[in-house]
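The structure appears right after this line, and notes come after that.
The values are calculated or read from the model by the stated rules, or taken from the named source; none is laboratory data. Just so we're clear, the structure is a prediction, and the values are computed from it rather than from any experiment. Neighbour counts are summed over all protein chains in view; Cβ atoms, including those assigned to glycine, are modelled from backbone coordinates with ideal geometry.
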Amino acid sequence: MALAVCVVDWSARRGKVYQAVFNVGVIVLSTIAGATVYAFLPGGAWAFVAGGALAGASYYAVNIGLLTTAIALETTERWRDTFRARFAWLFPHYLLYGVVGGMVAVAYDVAGVLALFVFAVPLILVRKAQLDYINHTEESVRRLREAAETIERQNESLRRANQLLRDRATEAMESLVAVVDARDTYTAGHSRRVQGIAVAIGRELALDGPELESLSFAALFHDIGKVAVPDDVLLKSGPLDDTEWWIVREHSEEGERIIGHLGFLADATPAIRHHHEHFDGGGYPDGLRGQEIPVGARILHVADAFDSMITNRVYRQALSLDEAIAELRRASGSQFCPSCVAALEKLIASGALAHILDVNSSSAAA
């Protein structure tokens with residue numbers, strides 16, 4: 001047994017020679033254990049069969065015990081976990097092998113060497129078929145693993161390519177937004193500020209994951225439809241006539257059409273289309289009311305209106321922060337979603353929007 005332990009220890013640390021020695025040692029010790037148990041059993045046919053089962057169990061205990069110990073030492077796995085995962089299921093097979101061995105012994109006692117031949121040939125053929133099946137299965141598993149690794153590499157390449165396309169498309173849209181903002185010096189940076197305010201409100205209302213990402217894109221691109229609005233209408237300092245007003249209000253639908261061509265931004269289009277809907281149903285383009293309005297659109301409406309109020313425009317001076325909050329409260333429940341207004345007030349009071357408000361204050365002062 002001490003020799004066996006030494007062999008186990010060496011096999012965990014050395015090369016293939018020691019592994020071969022270990023394997024031979026395991027077989028020898030297992031055979032000795034099984035033969036010893038068998039030798040001490042009484043004679044008789046049934047004793048041969050029962051003895052074969054006990055011998056198989058003894059062989060299993062020594063063989064699997066040593067193998068499990070070697071693997072546990074080599075891999076630092078727990079002995080019990082290694083045994084359960086790899087070898088526990090083999091016990092019935094070893095018992096069956098022992099029973100078959102006992103039957104061979106009975107047959108040999110009755111018919112001599114011919115019985116060994118009759119039993120041995122089928123067993124050898126079965127064993128060969130078993131080994132062929134195992135080898136074929138291992139080869140199939142290896143090929144499947146290689147195929148899975150190849151597919152994973154290809155998927156990773158596709159993910160990188162898809163992300164690159166998304167990044168380039170987003171950059172193109174951001175450039176278009178910058179062009180829209182730059183057409184009117186009074187609204188420079190408006191889309192970015194609205195994005196920051198809207199995302200903060202979304203987090204305050206417990207939005208996260210894809211929903212918050214869609215809100216962020218919608219806020220950034222909410223005015224992209226204004227590329228279709230002529231300068232003489234977009235930059236007009238006086239009141240708009242009916243025709244001009246209809247041109248301007250179409251920008252939300254135009255924005256939906258532009259962004260809708262980019263599949264990965266599809267979830268952002270409802271907020272873009274409906275960010276001018278009023279909570280009481282008096283907005284455009286579809287006259288939705290209350291909870292019919294997508295939550296992203298309700299948030300975006302408040303963020304957009306708030307930034308517009310505290311920014312100088314060609315047709316009016318910026319409102320103070322207190323005046324803007326008072327205006328939001330006054331229209332809460334009619335024009336604006338009450339929960340979105342309350343969330344914005346909480347953010348302002350906590351100072352969470354200070355960095356955005358500071359930028360806006362500078363713009364208003366200019």
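Is there a residue being more than 24 Å from Ile32 (Cβ to Cβ), of a type in the set (Asp, Glu) and either under 43 Å from the mean Cα position of the chain (by Cα) or part of a helix (DSSP H, G or I) (or both) anywhere in the range 73-80? Full working, then the answer.
Just the residues of the range 73-80 that are more than 24 Å from Ile32 (Cβ to Cβ), to begin with: 74-78, 80.
When the remaining residues are screened for being of a type in the set (Asp, Glu), the result is 74, 77.
Applying the additional criterion that residues be either under 43 Å from the mean Cα position of the chain (by Cα) or part of a helix (DSSP H, G or I) (or both) yields 74, 77.
Looking through the range 73-80, at least one residue is more than 24 Å from Ile32 (Cβ to Cβ), of a type in the set (Asp, Glu) and either under 43 Å from the mean Cα position of the chain (by Cα) or part of a helix (DSSP H, G or I) (or both).
Any idea how many residues of the range 337-354 are in a helix (DSSP H, G or I) and free of Cβ contacts under 8 Å to residues at least 24 places away in the same chain?
From the range 337-354, those in a helix (DSSP H, G or I) are 338-350, 354; that's our starting set.
Right, trim to free of Cβ contacts under 8 Å to residues at least 24 places away in the same chain and you get 342, 345, 349-350, 354.
Residues meeting the conditions: 5.
Taking interchain pairs and intrachain pairs at least six residues apart, which have beta carbon atoms under 6 angstrom, with the first residue in the range 315-336 and assigned to a helix (DSSP H, G or I) and the second at pLDDT below 90?
From residues that are assigned to a helix (DSSP H, G or I), there are no pairs.
Looking at (1) part of a helix (DSSP H, G or I); (2) surrounded by fewer than 13 Cβ atoms within 10 Å (Cβ to Cβ); (3) at pLDDT below 70, can you tell me which one Thr36 breaks?
Of everything listed in (1) part of a helix (DSSP H, G or I); (2) surrounded by fewer than 13 Cβ atoms within 10 Å (Cβ to Cβ); (3) at pLDDT below 70, Thr36 misses just condition (3).
Name the residue, out of Ala120, Ala107, that is under 24 Å from Leu54 (Cα atoms), surrounded by 10 or more Cβ atoms within 10 Å (Cβ to Cβ) and assigned by TED's automatic domain parsing to the domain that holds Leu54. Please lay out each step first, then the result.
Numbers: Ala120 fails: assigned by TED's automatic domain parsing to the domain that holds Leu54.
Checking each option against the conditions leaves just Ala107.
Just checking, does the range 145-167 include any residue being under 30 Å from Ile348 (Cβ atoms), surrounded by fewer than 14 Cβ atoms within 10 Å (Cβ to Cβ) and either in the same structural domain as Ala318 (by TED's automatic domain parsing) or free of Cβ contacts under 8 Å to residues at least 12 places away in the same chain (or both)?
Applying the first criterion (under 30 Å from Ile348 (Cβ atoms)) to the range 145-167 yields none.
No - not one qualifying residue is present in the range 145-167.
Let me confirm something: among Ile293, Ile310, Ile299, which residue is surrounded by 20 or more Cβ atoms within 10 Å (Cβ to Cβ), closer than 20 Å to Gln195 by Cβ and modelled with pLDDT under 95?
Ile310
Can you tell which of Ala271, Ala305, Ala266 is within 25 Å of Ser332 (Cβ to Cβ), out of contact with any strand residue (DSSP E or B) (no Cβ under 9 Å at 6 or more places or on another chain) and not acidic (Asp, Glu)?
Numbers: Ala305 fails: out of contact with any strand residue (DSSP E or B) (no Cβ under 9 Å at 6 or more places or on another chain); Ala266 fails: within 25 Å of Ser332 (Cβ to Cβ).
After ruling out the rest, the residue left standing is Ala271.
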